[in-house]
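The values are calculated or read from the model by the stated rules, or taken from the named source; none is laboratory data. Quick caveat, the model's predicted, so the values are computed rather than measured. Quick reminder, even Gly has a Cβ in these numbers, built from the backbone with ideal geometry, and neighbours come from all protein chains shown. Please note that ligands, DNA and RNA were not included when accessible areas were found on the heavy atoms of the full protein model with its side chains. Shrake-Rupley method; radii C 1.70, N 1.55, O 1.52, S 1.80 Å.
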Amino acid sequence: AEEMIHRTQLLLQQHSLKIQGGTFHAMGLIWLKHYGGALGLPPKFSIMDEDDAQGLVHLLMSKLSFSRRKGFPKKQHILALFSRAVNTLRSIADTVSSDFPWLETHTPQLVVLFRAYTETKWRQHRVDYDDLLFLVYKLLCLHEPSRRRLGTHYQAILVDEYQGTNHAQYRLLQLLSGDTKHLFVVGDDFQSIFGFRGADV
(Lines give C-alpha, C1' and ligand atoms only; values in the text may rest on other atoms or scores of the structure.)
Protein backbone atom coordinates (compact mmCIF):
# COMPACT_ATOMS: atom_id res chain seq x y z
CA ALA A 1 0.00 0.00 0.00
CA GLU A 2 2.85 2.38 0.83
CA GLU A 3 4.48 1.63 -2.53
CA MET A 4 1.20 2.36 -4.36
CA ILE A 5 0.87 5.70 -2.56
CA HIS A 6 4.49 6.62 -3.32
CA ARG A 7 4.17 5.78 -7.03
CA THR A 8 0.91 7.70 -7.32
CA GLN A 9 2.49 10.78 -5.77
CA LEU A 10 5.40 10.51 -8.23
CA LEU A 11 3.06 10.15 -11.22
CA LEU A 12 0.91 13.11 -10.15
CA GLN A 13 3.94 15.14 -9.02
CA GLN A 14 1.85 16.37 -6.09
CA HIS A 15 3.48 15.26 -2.85
CA SER A 16 1.05 17.35 -0.83
CA LEU A 17 -1.96 15.49 -2.25
CA LYS A 18 -3.67 13.45 0.46
CA ILE A 19 -3.68 9.80 -0.54
CA GLN A 20 -5.01 7.12 1.78
CA GLY A 21 -4.21 3.47 1.26
CA GLY A 22 -4.17 0.01 2.78
CA THR A 23 -5.64 -3.44 2.43
CA PHE A 24 -9.42 -3.77 2.32
CA HIS A 25 -9.38 -4.91 5.94
CA ALA A 26 -7.09 -2.07 7.11
CA MET A 27 -9.34 0.47 5.40
CA GLY A 28 -12.40 -1.26 6.85
CA LEU A 29 -10.96 -0.81 10.33
CA ILE A 30 -10.42 2.93 9.71
CA TRP A 31 -13.95 3.38 8.36
CA LEU A 32 -15.53 1.45 11.24
CA LYS A 33 -13.67 3.55 13.81
CA HIS A 34 -15.03 6.72 12.15
CA TYR A 35 -18.50 5.62 11.09
CA GLY A 36 -19.28 2.42 13.01
CA GLY A 37 -21.32 4.34 15.56
CA ALA A 38 -24.10 4.60 12.97
CA LEU A 39 -24.48 0.81 13.33
CA GLY A 40 -24.28 0.94 17.10
CA LEU A 41 -20.65 -0.18 17.21
CA PRO A 42 -18.69 1.60 19.98
CA PRO A 43 -15.40 3.29 18.96
CA LYS A 44 -13.38 1.07 21.31
CA PHE A 45 -14.40 -2.29 19.84
CA SER A 46 -11.79 -5.04 19.86
CA ILE A 47 -10.64 -7.28 17.02
CA MET A 48 -10.64 -11.03 17.51
CA ASP A 49 -7.79 -13.12 16.17
CA GLU A 50 -8.26 -16.68 14.92
CA ASP A 51 -7.70 -18.19 18.37
CA ASP A 52 -10.33 -15.87 19.88
CA ALA A 53 -12.83 -16.82 17.16
CA GLN A 54 -12.18 -20.55 17.58
CA GLY A 55 -12.50 -20.22 21.35
CA LEU A 56 -15.86 -18.48 21.04
CA VAL A 57 -17.19 -21.05 18.56
CA HIS A 58 -16.02 -23.87 20.85
CA LEU A 59 -17.75 -22.27 23.84
CA LEU A 60 -21.01 -21.78 21.94
CA MET A 61 -20.94 -25.32 20.54
CA SER A 62 -20.70 -26.63 24.10
CA LYS A 63 -23.43 -24.33 25.41
CA LEU A 64 -25.78 -25.40 22.61
CA SER A 65 -24.79 -29.08 23.03
CA PHE A 66 -23.82 -29.29 19.35
CA SER A 67 -20.38 -30.70 20.11
CA ARG A 68 -22.12 -33.91 21.24
CA ARG A 69 -23.72 -34.44 17.82
CA LYS A 70 -22.15 -37.28 15.88
CA GLY A 71 -20.00 -35.99 13.02
CA PHE A 72 -20.46 -32.31 13.95
CA PRO A 73 -17.70 -30.31 12.23
CA LYS A 74 -14.62 -29.02 14.04
CA LYS A 75 -14.39 -25.36 14.99
CA GLN A 76 -11.87 -24.50 12.24
CA HIS A 77 -14.20 -25.95 9.58
CA ILE A 78 -17.13 -24.06 11.07
CA LEU A 79 -15.19 -20.80 10.92
CA ALA A 80 -14.22 -21.52 7.30
CA LEU A 81 -17.94 -21.92 6.51
CA PHE A 82 -18.85 -18.71 8.35
CA SER A 83 -16.08 -16.81 6.56
CA ARG A 84 -17.18 -18.07 3.14
CA ALA A 85 -20.80 -17.09 3.81
CA VAL A 86 -19.88 -13.57 4.99
CA ASN A 87 -17.41 -12.91 2.16
CA THR A 88 -19.83 -14.08 -0.53
CA LEU A 89 -22.84 -12.38 1.12
CA ARG A 90 -24.79 -15.63 1.20
CA SER A 91 -26.75 -17.35 3.94
CA ILE A 92 -25.27 -20.22 5.93
CA ALA A 93 -27.77 -22.65 4.37
CA ASP A 94 -26.89 -21.58 0.81
CA THR A 95 -23.17 -21.74 1.54
CA VAL A 96 -23.44 -25.22 3.02
CA SER A 97 -25.46 -26.39 0.02
CA SER A 98 -23.04 -24.98 -2.57
CA ASP A 99 -19.61 -25.24 -0.91
CA PHE A 100 -19.88 -27.59 2.09
CA PRO A 101 -22.45 -30.23 1.02
CA TRP A 102 -20.98 -32.84 3.40
CA LEU A 103 -22.29 -30.70 6.29
CA GLU A 104 -25.92 -30.57 5.12
CA THR A 105 -27.20 -32.84 7.89
CA HIS A 106 -26.02 -30.19 10.37
CA THR A 107 -27.40 -27.14 8.53
CA PRO A 108 -30.08 -26.19 11.11
CA GLN A 109 -27.53 -26.33 13.94
CA LEU A 110 -24.95 -24.36 11.92
CA VAL A 111 -27.53 -21.63 11.25
CA VAL A 112 -28.27 -21.39 14.99
CA LEU A 113 -24.56 -21.41 15.83
CA PHE A 114 -23.79 -18.62 13.34
CA ARG A 115 -26.56 -16.48 14.81
CA ALA A 116 -25.25 -17.09 18.34
CA TYR A 117 -21.68 -16.32 17.22
CA THR A 118 -22.74 -13.05 15.55
CA GLU A 119 -24.92 -11.93 18.47
CA THR A 120 -22.26 -12.75 21.08
CA LYS A 121 -19.57 -10.80 19.22
CA TRP A 122 -21.90 -7.82 18.98
CA ARG A 123 -22.82 -7.91 22.69
CA GLN A 124 -19.14 -8.10 23.63
CA HIS A 125 -18.19 -5.26 21.22
CA ARG A 126 -15.86 -7.56 19.31
CA VAL A 127 -15.39 -8.04 15.58
CA ASP A 128 -13.56 -10.73 13.67
CA TYR A 129 -11.46 -10.34 10.51
CA ASP A 130 -14.41 -10.78 8.14
CA ASP A 131 -16.50 -8.21 10.04
CA LEU A 132 -14.01 -5.52 9.01
CA LEU A 133 -15.46 -5.84 5.50
CA PHE A 134 -18.99 -6.99 6.18
CA LEU A 135 -19.84 -4.29 8.71
CA VAL A 136 -18.62 -1.57 6.33
CA TYR A 137 -20.77 -3.11 3.58
CA LYS A 138 -23.72 -3.16 6.00
CA LEU A 139 -23.04 0.45 6.98
CA LEU A 140 -22.99 1.62 3.36
CA CYS A 141 -26.20 -0.28 2.61
CA LEU A 142 -28.15 0.85 5.65
CA HIS A 143 -26.87 4.33 6.52
CA GLU A 144 -27.32 6.84 3.73
CA PRO A 145 -25.43 9.76 5.42
CA SER A 146 -22.33 7.60 5.92
CA ARG A 147 -22.53 6.31 2.35
CA ARG A 148 -22.76 9.86 1.02
CA ARG A 149 -19.87 11.07 3.16
CA LEU A 150 -17.60 8.19 2.22
CA GLY A 151 -18.72 8.30 -1.41
CA THR A 152 -17.71 11.95 -1.77
CA HIS A 153 -14.59 11.70 0.43
CA TYR A 154 -12.48 10.10 -2.31
CA GLN A 155 -11.87 11.70 -5.68
CA ALA A 156 -10.74 8.38 -7.12
CA ILE A 157 -10.28 4.78 -5.97
CA LEU A 158 -7.49 2.47 -7.16
CA VAL A 159 -7.53 -1.25 -6.39
CA ASP A 160 -4.53 -3.48 -7.06
CA GLU A 161 -4.61 -7.31 -7.07
CA TYR A 162 -8.27 -7.09 -8.06
CA GLN A 163 -8.38 -10.82 -8.88
CA GLY A 164 -8.29 -11.45 -5.14
CA THR A 165 -11.54 -9.61 -4.39
CA ASN A 166 -14.61 -11.44 -3.17
CA HIS A 167 -18.26 -10.51 -3.57
CA ALA A 168 -18.37 -8.45 -0.37
CA GLN A 169 -15.36 -6.39 -1.54
CA TYR A 170 -16.89 -6.00 -5.00
CA ARG A 171 -20.17 -4.69 -3.58
CA LEU A 172 -18.30 -2.45 -1.16
CA LEU A 173 -16.41 -0.88 -4.08
CA GLN A 174 -19.66 -0.32 -5.97
CA LEU A 175 -21.15 1.47 -2.98
CA LEU A 176 -17.99 3.48 -2.31
CA SER A 177 -17.52 4.69 -5.87
CA GLY A 178 -21.13 5.92 -5.84
CA ASP A 179 -22.14 8.32 -8.58
CA THR A 180 -18.60 9.45 -9.44
CA LYS A 181 -17.51 6.02 -10.78
CA HIS A 182 -13.84 7.08 -10.54
CA LEU A 183 -12.78 3.50 -9.93
CA PHE A 184 -9.64 1.94 -11.45
CA VAL A 185 -8.73 -1.70 -10.86
CA VAL A 186 -5.70 -3.79 -11.83
CA GLY A 187 -5.66 -7.57 -11.72
CA ASP A 188 -4.35 -10.80 -13.23
CA ASP A 189 -6.72 -13.77 -13.25
CA PHE A 190 -3.76 -16.19 -13.30
CA GLN A 191 -2.75 -14.96 -9.84
CA SER A 192 -6.06 -15.57 -8.09
CA ILE A 193 -5.16 -17.46 -4.90
CA PHE A 194 -7.89 -16.37 -2.47
CA GLY A 195 -10.70 -18.71 -3.53
CA PHE A 196 -10.84 -19.97 0.07
CA ARG A 197 -11.97 -16.47 1.08
CA GLY A 198 -14.56 -16.33 -1.67
CA ALA A 199 -12.45 -14.53 -4.30
CA ASP A 200 -14.04 -14.77 -7.74
CA VAL A 201 -12.22 -13.43 -10.79
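In whole percent, how big is the carbon plus sulfur part of the accessible area of the chain, probe 1.4 Å, protein atoms only?
That share works out to 54 percent.
Label separation (Val186 vs Ile30): 1.8 nm, computed from points 7 Å beyond Cα along the C-beta direction. Taking Cα atoms only, the orientation of helix 144-153 departs from the longest principal axis of the chain by about 40 degrees. A Förster distance of 25 Å, applied to the separation of the beta-carbon atoms of Asp94 and Glu119, puts the FRET efficiency at 0.80. Taking Cα atoms, how many degrees apart are the long axis of helix 75-88 and the longest axis of the chain, rounded to 10 and kept between 0 and 90? Its long axis makes an angle of about 40 degrees. The computed Kirkwood radius over Cα pairs in Å for the structure shown corresponds, within (1) 21.8; (2) 23.0; (3) 18.5, to (3). The lysines whose alpha-carbon is closer than 30 Å to the alpha-carbon of Lys33, local same-chain residues fewer than 8 away aside, are Lys18, Lys44, Lys75, Lys121, Lys138, Lys181. Taking the longest Cα principal axis of the chain as reference, the axis of helix 107-123 is set at about 60 degrees. Centre-to-centre, using Cα atoms only, region 1-27 and region 60-113 are separated by 40 Å. Using a simple spin-label model with pseudo-atoms 7 Å out from Cα toward Cβ, Cys141 and His153 lie 2.0 nm apart.
Placing +1 on each Lys and Arg Cβ and -1 on each Asp and Glu Cβ, with no other charges, gives region 25-172 a dipole about its Cα centre of roughly 540 debye.
Normalised per residue, the accessible area of region 26-101 is 53 Å², obtained with a 1.4 Å probe and no contribution from ligands, DNA or RNA.
Using the Cβ-Cβ distance between Thr8 and Thr107 with R0 set to 35 Å, the FRET efficiency from 1/(1 + (r/R0)^6) comes to roughly 0.15.
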